[in-house]
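Notes follow the structure.
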Amino acid sequence: MKLGINTGFALNRFPRPEQWLKIVGKDLGLKYVQLTADLLNPSWGEAIVNDYIDRINALKITYNVEIDSVMTGAFTRVNHFSHPDPHVRRYWINWFKQLADITKRLGATNLSSHFGIMSHEDVNDPIKREQATSLTVAAWKEIAEYGKQIGLQYLSWEPMSV
């Protein structure tokens, strides 16, 4: 059985890879990590993302740590694929594809998030709720197809905040 840790603990106190990877690998003696997007966000831009990926991949070797999954986190706990605006949904689909690329580059096989948070209006209207659910499932299917193309093994979500 594997014992690992989600990096939500590191968000504000230990944001640098040098800090949280040392804590995980050396101080706690753990090998497996679920990295949250709060510590490596695709929105930061290519230069920062590439720098962090390089640093994390080097430090994984130093501390004998594996990142086996990547998950959204506190900053990205929003409606994503359930947003009522199609342009915002498309933004998040593209963002998740970038996060899938990051996941692959870190050697992880799983990308996860919450399913999607529906607006008050959508969740309380049966017709709109069904439409939002269908759109959200379609977006997850698009991400799944992309993940498959780049070699991820699976996607997962937690059914919170629907």
Open item on the list: Net charge within 10 Å of residue 128 by Cβ-Cβ distance, Lys/Arg positive one each and Asp/Glu negative one each, not counting residue 128 itself?
Closed with: -3
Open item on the list: Below 8 Å, C-alpha to C-alpha, sequence gap of six or more: please give me the relative contact order for segment 4-158 in percent.
Closed with: 22 percent
Task: Percent of Cα-Cα distances greater than 23 Å, calculated over segment 4-158 - done: 38 percent
Open item on the list: If I fit a long axis through the Cα atoms of helix 86-105 and take the longest principal axis of the Cα atoms of the chain, what angle between them do I get, 0 to 90°, rounded to 10?
Closed with: 20 degrees
- [ ] Could you pull out the trypsin sites (Lys or Arg not before Pro) across segment 7-70 that fall in loop regions by DSSP (anything but H, G, I, E, B) with no more than 11 other Cβ atoms inside 10 Å?
- [x] 13
Open item on the list: Output the 0 to 90 degree angle, nearest 10, between the alpha-carbon long axis of helix 46-63 and the longest principal axis computed from the alpha carbons of the chain.
Closed with: 50 degrees
Task: Gaussian network model of the chain, Cα within-10 Å springs - most flexible of 131, 98, 149 - done: 149
TODO: Taking 7 Å along the Cα-to-C-beta vector as the label spot, tell me the residue 12-residue 26 distance in nanometres, rounded to one decimal.
DONE: 2.6 nm
TODO: Pull up all non-local amide H partners of residue 5: gap of 5 or more, or a different chain, and H-to-H distance under 5 Å with H placed in the peptide plane.
DONE: 32, 33, 34
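At R0 = 41 Å, how high is the FRET efficiency between residue 58 and residue 138 if r is their beta carbon distance? Nearest 0.05 is fine.
The pair residue 58/residue 138 has a calculated efficiency of 0.60.
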Open item on the list: With θ taken as phi - 60° and the coefficients 6.51, -1.76 and 1.60, list the Karplus ³J(HN,Hα) couplings across segment 67-78 in order, rounded to whole Hz; mark glycine and proline as x.
Closed with: 9, 9, 8, 10, 9, 5, x, 4, 5, 10, 8, 10
- [ ] With 29 Å as the limit, write out which pairs from 26/97; 104/141; 31/141; 2/97; 22/141 have Cα-Cα distances beyond it, or answer none.
- [x] 26/97; 31/141; 22/141
Task: At most 15 other Cβ within 10 Å, DSSP loop - chymotrypsin sites (Phe, Trp or Tyr not before Pro), segment 14-110 - done: 75
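Taken together, the values in this text are just the output of simple stated rules run on the coordinates, not laboratory data. Keep in mind that this is a model prediction, so the values were computed, not measured. For neighbour counting, all protein chains shown are included, and Cβ atoms are generated from backbone atoms with ideal geometry for every residue, glycine included.
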